[in-house]
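Notes follow the structure.
The values are calculated or read from the model by the stated rules, or taken from the named source; none is laboratory data. Fair warning: this is a prediction, and the values are worked out from it, not measured in the lab. Cβ coordinates were reconstructed from backbone atoms using ideal geometry, including for glycine residues, and neighbour counts include every protein chain displayed. SASA here: full protein model, heavy atoms, side chains in, ligands and nucleic acids out. Shrake-Rupley method; radii C 1.70, N 1.55, O 1.52, S 1.80 Å.
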Amino acid sequence: EPVDRPRVLVVDDDERNLLAIGTVLMTAAIPRAVFMLVGGAFSTARMAALRPRVQAIVVCTPPDSHLELTLAALAVGKHVVVEKPAFLRAADFDPVRAAEARSGRRLMVAENYCYKPVARVLREVIASGALGEVRFFHLVAVKSQRRAGWRDDPATAGGGALFEGGVHWMDLLANVGL
């Protein structure tokens, strides 16, 4: 596996070092990543994951590699943060849940909309009862995203615009308290 191919970002336990497999990618899950010093580079994700001080692995690669890398990280006893969309198929969550349970480690999908201020306000307003019983929630989201590279390959990227960007809105709706 060439070192220059982006594969995994590994966060050291003291949060001062990043160990990069390939190119360090900027993601919403780790906004400080580009400002941290790279502590070392490894030719494979497994070599970095086996480092004893590493507690967590952040998988921020194209979606077709998420399942393999997540299972590998859990198998060596690491916590995992996997970028959204987490996996290509809903059924992929079953082996991941089983691996998480066996490992005693935690898995988190790097989704940030549920933490946005608008989500907090919506939760508070809905919980207050000020709107009465919410029976309908109308959401309009319009976005233009340039498609290029792996995002143009359905086998790599998954299910298109709803899969790539709509997951944000599904996360928001799932976390407003309805």
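Of 132, 159, which residue is open to solvent by less than 50 Å² (accessible area, probe 1.4 Å) and assigned to a loop (DSSP other than H, G, I, E, B)?
132
Answer with yes or no whether residue 87 is of a type outside the set (Ser, Thr, Tyr), on the phi < 0 side of the Ramachandran plot, part of a loop (DSSP other than H, G, I, E, B) and surrounded by 11 or more Cβ atoms within 10 Å (Cβ to Cβ).
yes
Residue pairs, Cβ under 8 Å, 6 or more apart or interchain, first in region 53-67 and part of a strand (DSSP E or B), second basic (Lys, Arg) and open to solvent by 10 Å² or more (accessible area, probe 1.4 Å). List them.
54/78; 55/78; 56/78; 57/78
How many residues does region 162-178 contain that are at pLDDT 85 or above, open to solvent by 40 Å² or more (accessible area, probe 1.4 Å), in a helix (DSSP H, G or I) and touching a helix residue (DSSP H, G or I) at 6+ places or on another chain (Cβ under 8 Å)?
Final tally of qualifying residues: 2.
Cβ-Cβ below 6 Å, separation at least six or inter-chain, first residue in region 98-121 and open to solvent by 40 Å² or more (accessible area, probe 1.4 Å), second acidic (Asp, Glu) and modelled with pLDDT under 90: which pairs?
Qualifying pairs under 6 Å: 113/171.
Does any residue in region 162-177 that is without any contact (Cβ under 8 Å) to a residue 40 or more places away in the chain come within less than 7 Å, Cβ to Cβ, of a residue that is open to solvent by 50 Å² or more (accessible area, probe 1.4 Å) six or more places away or on a different chain, and which pairs are these?
165/143; 165/145; 173/137; 173/139
If you scan region 104-124, which residues turn out to be in contact with a strand residue (DSSP E or B) (Cβ under 9 Å, 6 or more places away or on another chain) and either in a helix (DSSP H, G or I) or at pLDDT 90 or above (or both)?
Within region 104-124, 105, 106, 107, 108, 109 meet the criteria.
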